[in-house]
Each structure stands twice: as C-alpha cells, then as structure tokens.
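Report on the following structure.
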Amino acid sequence: MNTLLWVVFPYVCLTTFVVGHIWRYKYDQFGWTTRSSQWYEDRLLRWGSPMFHFGILCVVLGHVMGLLVPKSWTEAVGVSQEIYHFLAVSVGLLAGVLTLVGLAILVYRRRTTGPVFQATTPMDKVMYAFLVVTILLGLANTLGWQAPGIGSGGIAVDHYNYRDGVSIWFRQFFTLQPDAQLMAAAPLGFQLHILVACALFALWPFTRLVHVFSAPLGYLTRPYVVYRSADRRPGAGVGTHAPRRGWESRPELPQR
C-alpha cells in the first residue's frame with residue numbers, strides 16, 4: 001500500500017500532468033485560456049485576483065525553499081533551524097491566508113455573478129474544490145509543523161520536522177528512487193496534503209490552470225511598438241491645425 005500511495009500514484013499524476021499538457025496544447029489551443037470574465041465584473045476581481053496570484057506565488061517559492069533546498073544547505077549559510085522555522089511559519093501563514101482570502105473572493109464572485117457563473121465548467125468546480133482543500137491542509141500543517149511523528153530512524157519523536165522526511169522523499173522522487181517509508185512515517189496531515197496536491201496536478205491540464213504556462217515572456221524581447229501622432233500641419237487640409245498641449249474641445253461635425 002505504501003508503494004502504491006507514495007510511488008505509483010505520484011508518478012501517475014506526474015505523467016498525467018506532462019502528457020495532459022501536451023495533448024491539450026496539440027488538440028485544444030483555442031481552449032488554452034483563462035476565459036477571462038473581467039467584462040462582466042471587475043470590482044471583486046480587482047481585489048481577489050492580485051491577492052490570490054501574489055499569495056500563490058509566495059506559496060510556490062516557499063515550497064521550493066522547503067522541499068528542494070536541503071536543511072544542511074541553509075545551516076551552512078548560517079540559517080539555524082529555529083530561524084528557518086520562524087520564517088517558514090510567519091511567511092507561510094501570511095502567504096497561505098492571502099491566497100485563501102483571494103480565492104474565496106474569486107469563488108464568491110463566480111458564484112454570485114450570473115454571466116461568470118454560467119461560464120463556469122464542471123471541471124472548474126472540481127479544480128476549485130481541490131485547490132481549497134490543498135491550501136487548507138497546507139495551512140494546517142504550517143500551524144502544526146511540530147506535530148508528533150516518526151523520525152528517520154523509525155523512532156517515535158515528539159516533534160516532526162518535514163525537512164527530515166517529506167523533503168527528502170520529494171527530492172528522491174525526481175531521482176526516480178523515492179523511499180515510500182519516509183512518507184509513510186509522516187503525520188496524516190502531510191500525507192493528505194501530498195495526496196490532494198498530486199490529484200490537483202493530475203487535473204491541472206484539463207482546467208483553466210493551464211494559463212500558468214502562457215506567460216507573455218515574448219514581451220521582454222520583442223521590439224518596441226512606436227506610436228506616432230497624425231501629422232497635422234497648417235494648410236495640410238481643410239480644418240487641420242497644429243497640435244497644442246493640453247485639452248481642447250472637439251469641433252462638432254456638420255449635420256447631414
């Protein structure tokens with residue numbers, strides 16, 4: 001069962017994530033969009049969208065730091081476990097709450113704005129449910145980071161540190177040698193968080209989340225777009241005049 005949960009299932013989700021995006025891009029490029037609904041309502045969107053996107057960006061960066069960077073590396077540069085714990089809990093809670101509040105605003109907007117609700121697909125609703133559960137479990141784990149667990153030696157300990165278990169399993173996952181026992185020894189909250197997150201990644205290619213990989217990076221290297229005003233010199237035509245700074249009234253057009 002441990003091998004099924006912590007080896008087979010994550011790899012199936014990762015394969016679905018990769019192959020699903022390739023399939024979606026090949027056969028549904030016109031559907032590769034967020035289906036923007038700003039036209040229907042922008043007051044709630046103006047608050048919810050920045051909160052969610054900035055919050056989730058901080059959450060991702062925090063996961064990269066906590067899962068991919070070994071504990072020995074941070075200690076080598078002078079960051080003790082106590083300092084790391086304080087930063088992880090404080091910044092992690094702030095980012096998680098910001099993400100959850102932004103998501104709540106977006107879900108409320110989608111449910112109460114008629115045209116936006118009508119444009120919501122069943123897959124969108126499933127995606128929102130998995131996203132909310134993943135965030136809530138992450139916040140719960142952040143608050144209870146030092147929950148009782150089992151150490152790397154198989155001995156019960158009073159405080160569980162995910163960097164000694166979950167993080168090691170996560171890095172082994174990309175070297176194709178994951179140790180299922182590391183996740184089996186983690187507290188239930190971490191296990192549920194990983195399983196729901198894996199399922200969310202499997203759903204990812206079939207939802208509006210694909211727009212994450214459509215960032216307009218080409219704008220950084222494309223040539224400048226030069227805008228020039230019309231050449232209105234005196235005598236160039238009837239009714240033309242030299243442009244002046246500031247506001248001026250528009251002449252009324254002749255009635256026909």
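The values are calculated or read from the model by the stated rules, or taken from the named source; none is laboratory data. A quick note: this is a predicted structure, and the numbers were derived from the prediction, not measured. What goes into the accessible areas is simple: the full protein's heavy atoms, side chains included, and nothing from ligands, DNA or RNA. Shrake-Rupley method; radii C 1.70, N 1.55, O 1.52, S 1.80 Å.
Carbon and sulfur: what percent of the stretch 1-97's accessible surface (1.4 Å probe)? Carbon and sulfur atoms account for 74 percent of the accessible area of the stretch 1-97. In order along the stretch 92-108, the Karplus-derived 3J(HN,Hα) couplings, from 6.51 cos²θ - 1.76 cosθ + 1.60 at θ = phi - 60°, round to x, 5, 4, 5, x, 5, 4, 5, 5, 5, x, 5, 4, 5, 5, 5, 4 Hz, and Gly and Pro are given as x. Shown in residue order for the stretch 180-185 are the 3J(HN,Hα) couplings computed by the Karplus curve 6.51 cos²θ - 1.76 cosθ + 1.60 at θ = phi - 60°: 4, 5, 5, 6, 5, 8 Hz (x for Gly and Pro).
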